[in-house]
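Colleague: Quick one: structure below, then a few questions.
The values are calculated or read from the model by the stated rules, or taken from the named source; none is laboratory data. Only a predicted model underlies this, so the values are computations on that prediction, with no experimental measurement involved. All Cβ positions, glycine included, derive from the backbone under ideal geometry; neighbour counts span all protein chains shown. Just so you know, the surface numbers come from the protein's heavy atoms only, side chains and all, with ligands and any DNA or RNA stripped out. Shrake-Rupley method; radii C 1.70, N 1.55, O 1.52, S 1.80 Å.
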Amino acid sequence: MIQTKGLTKDFGAVHAVRGITLAIEPGELVAVLGPNGAGKTTTMRMLTTLIAPTSGSAEVAGHDVVRSPGEVRRRIGYVGQGNGAGHQHRVADELHSQAAIYGLSRADARTRVGSLVEALDLGDLVKRKVSELSGGQRRRLDVAMGLVHAPGLLFLDEPSTGLAPQNRANLWEHILRMRAEHDMTIVLTTHYLDEADSMAERVVIVDQGEVIADDTASSLKSKLAGDRVAFSTGSPSDLAAIVSQLPGSSEVEATDGEVRARVADGPVAVAEVLRAAFEKGIAAGSAQTFRPTLDDVFLSLTGRSLREENAK
Amino acid sequence: MTTLARDTRIVFVRELKPMIRDPFSVVFGLVQPLVFLALFGPLLSGSVGSAGPVTAGGTVWQWFVPSILVMTALFGTSAVGSNLLYEFQTGAHERMLVTPLSRSSLLIGRSLKEMVPLAGQAVLIVAVMVPFGFDLYPAGALLGLALLAVFGVGLGSLSYALAIAVRKNEWMFWLVQQTLLFPLMILSGMLLPLESGPGWMQAASRANPLAYVVDAERALFAGDVASLDALWGAVAAGATAAIGLFVGIRAMLRSAD
């Protein structure tokens with residue numbers, strides 16, 4: 001569905017995207033994850049024909065984004081970071097305008113708009129002006145606008161930014177239902193780690209304009225991050241020495257009454273550490289294991305925390 | 001060409017919808033020029049007296065109503081770029097750029113739509129002024145409205161082009177628009193006759209396309225359909241439209257960057 005080769009984009013002296021090669025198959029749900037300024041949105045703007053790449057090539061929905069942008073535009077849906085519907089317009093008017101743009105007949109437009117309005121809970125809002133809607137309502141409308149022509153490929157640029165957790169969950173419920181109904185391929189950017197983790201079947205991590213990891217969330221976590229363990233103990237420095245000797249352990253931290261570390265396999269590590277501690281007569285209290293998050297993956301790849309990058 | 005016509009129609013209809021849905025703003029827009037006419041007209045006839053170009057064709061209204069029509073076109077269409085700026089901010093324009101609509105239609109459809117409120121205002125002004133002694137020459141008036149529409153498309157396009165050019169420094173839009181608007185208006189002889197002004201102002205007005213449009217509207221609304229003034233006005237309006245569309249479409253093609 002998407003095939004890019006060495007895609008780059010420079011804005012003057014700034015290299016926003018530094019060579020992205022990516023293949024996305026029909027039906028995939030892919031999250032592009034990365035800190036602000038990583039090049040996610042720029043990549044998406046190239047793939048949706050909004051801006052031309054500086055070098056490299058991209059084929060989207062079977063057509064080259066530079067040579068035949070019109071063919072690409074006909075086949076994709078796009079929900080940008082802003083609001084697609086004009087604020088001076090009424091909700092229903094914009095949905096029907098969008099349907100007319102993609103050449104739906106009046107009858108088809110009525111059916112499609114009707115079902116989207118119902119699916120995205122916009123029923124009470126169709127006669128309202130877009131500027132009168134709340135942020136969450138407007139975001140649902142944006143998604144409806146992107147789906148009016150039932151595109152085979154949908155791009156979502158930070159679809160749930162600014163939404164309350166409950167609204168995010170609702171929005172995703174709608175998106176996933178539409179995906180099942182229309183057999184859509186979905187590419188989304190997000191800086192919400194949990195969103196990428198729970199929704200996407202494949203996570204592409206982008207940093208400083210390059211793809212630094214590309215796999216399922218669970219295999220990224222086990223391959224790149226490993227589990228975290230924590231022990232409470234009366235003699236942290238002695239216990240830390242034991243933990244350090246475990247194969248594959250790293251980032252061993254001994255603090256007051258506690259030892260934390262990253263290990264390959266949490267439960268196995270706990271068993272081994274507790275056994276060695278018992279043999280050496282070191283008092284060890286409770287032990288905990290934590291599954292890694294995508295932030296741990298990002299941290300191990302870049303040495304920086306995605307959570308902190310985005311909080312800046 | 002057929003896709004361009006289809007796309008232009010879609011953009012045109014989309015642009016009209018907020019107007020149709022919100023008749024109050026339309027009525028307000030229609031009444032505005034009448035208020036100006038009612039307040040400025042009496043002052044004008046008082047200050048220019050009974051002799052001179054203003055009252056040469058009969059009442060002051062014969063001279064001033066065409067002025068108000070051109071002024072309405074000038075103020076209305078030169079401001080429309082701000083609507084597009086707003087759609088840049090919200091993301092609506094970006095959404096349109098990702099659709100298969102041709103880039104040219106995004107400009108042409110918007111500019112053509114500006115004719116609709118303009119025609120409404122013009123018809124209302126003329127209708128209201130006829131009972132006050134404004135002589136209506138139907139053929140000339142219709143041609144006058146058509147000429148105004150062509151001019152409005154050109155100026156609207158230029159306003160959109162300006163909006164696209166300054167989209168990253170939005171405050172520039174009103175600065176440039178206001179800076180250009182007043183010299184153009186005064187040097188067109190729209191509000192006060194230039195005949196009584198200094199020679200350099202008269203010379204400057206010869207380079208102002210708006211001055212030709214104003215003269216043409218006065219000639220047409222006086223029934224002088226086959227006059228040289230009307231011809232030059234048509235040339236000025238046509239040139240404004242051609243240049244406006246050319247510049248506007250070029251700007252629109254680059255509006256995604």
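Colleague: Calculate the all-directions average of the projected area of the stretch A:227-291's alpha-carbon convex hull, and give it in nm².
Modeller: Averaging across all directions leaves 3.5 nm² for the Cα convex hull.
Colleague: Now for a different question. Between A:E210 and residues 5 or more places away or on another chain, which pairs have amide H atoms under 5 Å apart, with H built 1.01 Å from N, and which residues are they?
Modeller: Those qualifying (amide H under 5 Å, at least 5 residues apart or on another chain) are A:R18.
Colleague: What's the ranking of B:179-191, A:219-231, A:123-135 by average number of surrounding C-beta atoms within 10 Å, highest first?
Modeller: So the peptides B:179-191, A:219-231, A:123-135, ranked by packing, come out A:219-231, B:179-191, A:123-135.
Colleague: Same structure again: Tilt of helix B:2-21 relative to the longest C-alpha principal axis of chain B, in degrees (0 to 90, nearest 10)?
Modeller: 70
Colleague: Excluding ligands, DNA and RNA, what is the accessible area buried between chains B and A, summed over both sides, using a 1.4 Å probe, to the nearest 100 Å²?
Modeller: 2300
Colleague: If you don't mind, there's one more thing I want to ask. Return, for the Cα atoms of the stretch A:2-221, the radius of gyration and Dmax in Å, separated by a comma.
Modeller: 17.1, 50
Colleague: Can you give the Rg to Rh ratio for the protein assembly as shown, taking only C-alpha atoms and Rh from Kirkwood?
Modeller: Result: Rg/Rh = 1.16.
Colleague: With unit charges on the beta carbon (Lys/Arg positive, Asp/Glu negative), name the residue among A:V79, A:G34, A:M46 whose Cα is farthest towards the positive pole of the charge dipole of the stretch A:1-119.
Modeller: Selected residue: A:M46.
Colleague: Just how large is the dipole of the protein assembly as shown about the Cα centre, in debye to the nearest 20, putting +1 at every Lys and Arg Cβ and -1 at every Asp and Glu Cβ?
Modeller: Roughly 1140 debye, rounded to the nearest 20.
Colleague: Based on Cβ point charges of +1 for Lys and Arg and -1 for Asp and Glu, what charge dipole magnitude is obtained for chain B about its Cα centre, in debye rounded to the nearest 20?
Modeller: 820
Colleague: How far, in degrees from 0 to 90, does helix B:115-129 lean away from the longest principal axis of the Cα atoms of chain B, to the nearest 10?
Modeller: For helix B:115-129, the angle is close to 20 degrees.
Colleague: Alpha carbon centre of the stretch B:26-48 versus the stretch A:108-125: separation in Å?
Modeller: If we compute the Cα centre of each part, the gap is 46 Å.
Colleague: Taking Cα atoms, how many degrees apart are the long axis of helix B:209-221 and the longest axis of chain B, rounded to 10 and kept between 0 and 90?
Modeller: 60
Colleague: Let me ask something additional. Is the stretch B:103-200 best put as rounded, prolate or oblate by its Cα gyration tensor, with a ≥ b ≥ c the root eigenvalues, rounded for a/c under 1.5, and otherwise prolate when a/b is larger than b/c, oblate when not?
Modeller: Cα axes put the stretch B:103-200 in the oblate bin.
Colleague: Hey, what do the phi angles of the stretch B:244-257 turn into as Karplus ³J(HN,Hα) couplings, whole Hz, using 6.51/-1.76/1.60 and θ = phi - 60°, x for Gly and Pro?
Modeller: Using θ = phi - 60°, the values come out as x, 5, 4, 5, x, 5, 4, 5, 4, 4, 9, 6, 7, 5 Hz.
Colleague: Where does the charge balance sit around A:I2 when Lys and Arg score +1, Asp and Glu -1, over other residues with C-beta under 10 Å from its C-beta?
Modeller: Combined, the nearby Lys, Arg, Asp and Glu give -3.
Colleague: I would also like to ask the following. For peptide B:11-19, what's the mean number of Cβ atoms from other chains within 10 Å of each residue's Cβ?
Modeller: 4
Colleague: Give me the accessible area of B:V247, 1.4 Å probe, in Å² rounded to the nearest 10.
Modeller: 60
Colleague: Still on this model: Using DSSP to call loops (not H, G, I, E or B), can you name the trypsin sites (Lys or Arg not before Pro) in the stretch B:196-257 whose Cβ has at most 15 other Cβ atoms within 10 angstrom?
Modeller: Here the sparse-neighbourhood loop sites are B:R206, B:R254.
Colleague: Right, here's the next one. Quick one: what are the phi-derived ³J(HN,Hα) couplings along the stretch A:62-79, Karplus 6.51/-1.76/1.60 with θ = phi - 60°, whole Hz, x for glycine and proline?
Modeller: 3J(HN,Hα) across the stretch A:62-79, in whole Hz: x, 9, 6, 5, 8, 6, 10, x, x, 5, 5, 4, 4, 9, 10, x, 9, 10.
Colleague: Same structure, new question: Got a sec to turn the phi values of the stretch B:61-66 into Karplus ³J(HN,Hα) couplings, 6.51 cos²θ - 1.76 cosθ + 1.60 with θ = phi - 60°, whole Hz, x for Gly and Pro?
Modeller: Coupling constants for the stretch B:61-66: 5, 4, 7, 8, 4, x Hz.
Colleague: Keeping the other protein chains in place, figure out the carbon and sulfur percent of the accessible area of the protein assembly as shown, with a 1.4 Å probe.
Modeller: Heavy-atom surface of the protein assembly as shown belonging to carbon and sulfur, 1.4 Å probe: 60 percent.
Colleague: Could you check the simple spin-label distance between B:V225 and B:K168, using points 7 Å along Cα→Cβ, in nm with one decimal?
Modeller: 5.2
Colleague: If you don't mind, another one. Residues of the stretch B:92-112 losing 30 Å² or more of accessible surface, assembly versus chain alone, probe 1.4 Å, please list them.
Modeller: Going by heavy-atom accessible area, the residues of the stretch B:92-112 that drop by at least 30 Å² are B:E94, B:R95, B:V98, B:T99, B:P100, B:R103.
Colleague: Considering protein heavy atoms only and a 1.4 Å probe radius, which residues within the stretch A:69-87 exhibit an accessible-area decrease of no less than 40 Å² in the full assembly relative to the chain by itself?
Modeller: A:R73, A:Y78, A:G84, A:H87
Colleague: P(r) tail for chain B, what percent of Cα pairs lie past 24 Å?
Modeller: Of the Cα pairs, 48 percent sit more than 24 Å apart.
Colleague: Which value, in Å² rounded to 10, gives the accessible area of A:Y102 with a 1.4 Å probe and all protein chains present?
Modeller: Spelled out: A:Y102, probe radius 1.4 Å, area about 40 Å².
Colleague: Can you find, among A:G162, A:T185, A:G114, the residue sitting farthest towards the positive end of the charge dipole of chain A, where Lys and Arg contribute +1 and Asp and Glu -1 at Cβ?
Modeller: Value computed over the given set: A:G114.
Colleague: Something else about it: Here is the link list: A:K40/A:K129; A:K5/A:K221; A:K40/A:K221. Which ones come out longer than 29 Å on Cα distance?
Modeller: Violating the 29 Å Cα-Cα cut-off are A:K40/A:K129.
Colleague: Further, regarding this structure: Whose amide H sits under 5 Å from the amide H of A:L154, counting only residues 5 or more places off or on another chain, with H placed in the peptide plane?
Modeller: Distant-sequence amide H within range of A:L154: A:G77, A:T185, A:I186, A:V187.
Colleague: Can you grab the distance from the C-alpha centre of the stretch A:171-197 to the C-alpha centre of the stretch A:215-293, Å, no decimals?
Modeller: 35
Colleague: About the Cα centre, and with charges only on the beta carbon of Lys, Arg (+1) and Asp, Glu (-1), how big is the dipole of the stretch A:87-196? Nearest 20 debye, please.
Modeller: In debye, rounded to 20, the stretch A:87-196 gives about 380.
Colleague: Another question about this same structure. If you take the charge dipole of the stretch B:2-253 about its Cα centre, with +1 on Lys and Arg Cβ and -1 on Asp and Glu Cβ, which of B:F221, B:L39, B:Q178 is farthest toward its positive end?
Modeller: Positive-end residue among those listed: B:Q178.
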